[in-house]
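Below is one structure, written out as structure tokens; comments come after it.
Every number in this text was worked out from the coordinates using simple rules, so none of it is lab data. In this text the structure is predicted, and so the values were computed from the model without any measurement. Quick reminder, even Gly has a Cβ in these numbers, built from the backbone with ideal geometry, and neighbours come from all protein chains shown.
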Amino acid sequence: MPNPEGEPKLPATTTNGKTATCKVIVLNARINSVEAEDGYMILETGKSVGEQIALYIKADPKYRYGIWIDLNNDGEKQHSETNITFDQEKNYTLGARTITIYGKITTLNCSNGKLYNLSVENNKALEELNCLNNSLTILDVSQNTALQNLWCQMNFLTIIDVSQNKALKKLECYYNRLTTLDISQNKSLGWLSFDNNQIKKAAMNAVLGALPERSTSDEAKVYIQMKDSAEEGNELPDAAKVIEAKMKNWKVYQFENGKDKEL
């Protein structure tokens, strides 16, 4: 697991008069307002200037001409920043620790990038996002209504709101710090993996109860717990909830000794 970057924090007063500490995410990107009209995403990394970051990018061919990466965070498009490789991973040399990807991108894989901030809400075209194994504490996908597949495992997320992602088919969010997971609006979901979180029995029951109806041919699967993991904080659901999930054509799994064990 990565180590989380330090973030600025400030106190705030809640509605019941108590004091809470809120994380403040400060993005340092210099945005080109003209280029931003077609969408953009901001990545902030713990990598040093001069290091490389691996990115996998896909886009509709008719929009590829407008895609570029501001690698030096100056808000200006240089010719070298338009040399994008599509449909395969490419290493890009960092000219700054904050970079901005412009254009209508459908798939972004920025896994293993030492990211501590990732802003994707201004790219409405996004259908697939893989940001696994970073140091993210916040991920806002509420504006990404076209999103179908999300891999955000191995971060430090305490919440992931997928209520606006009606098209979501696959969600992998294991190895985070989630205490709840609301999938009640994800009627297209057919694959869910969220072991190694902090989801107790009542919240676990709620997740299984919210699984959508699937057909046998969908081969829907949900992974809820890794039994022999020292970091596992999830609790098993009531047996009745497992039966309920199976009645909706879901297979419920627990990892044990490196193997899938169906409950």
Quiz prompt | A54/D218 FRET efficiency (R0 25 Å; Cβ-Cβ; nearest 0.05) | solution = 0.20
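When you count, for each residue, the other Cβ atoms within 10 Å and take the mean per peptide, how do 252-260, 204-212, 230-238 rank with the highest first? Walk me through the intermediate numbers first.
Numbers: 252-260: 14.2, 204-212: 19.4, 230-238: 16.1.
Ranking, from highest mean packing down: 204-212, 230-238, 252-260.
Which entries in K166/K221; K114/K227; K200/K227; K90/K259 show an alpha-carbon gap greater than 23 Å?
Correct reply: K114/K227; K90/K259.
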Quiz item: By how many degrees, between 0 and 90 and to the nearest 10, does the Cα long axis of helix 201-210 differ from the longest principal axis of the chain?
Solution: 80
Quiz item: How far, in nm, would the chain grow between K124 and Y65 when pulled straight, counting 0.36 nm per residue and subtracting the alpha carbon separation?
Solution: 19.5 nm
Exercise. Report the percentage of all Cα-Cα pairs in the stretch 174-263 whose separation exceeds 14 Å, rounded to a whole percent.
Key: 60
Quiz prompt | Two-site FRET efficiency, D87 against S229, from Cβ-Cβ distance with R₀ of 45 Å, rounded to 0.05 | solution = 0.85
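What percentage of all Cα-Cα pairs in the stretch 23-141 are separated by more than 18 Å?
The answer is 45 percent, as a whole percent.
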Quiz item: Can you pick out the pairs among K104/K124; K58/K104; K169/K201 whose Cα atoms lie more than 19 Å from each other?
Solution: K169/K201
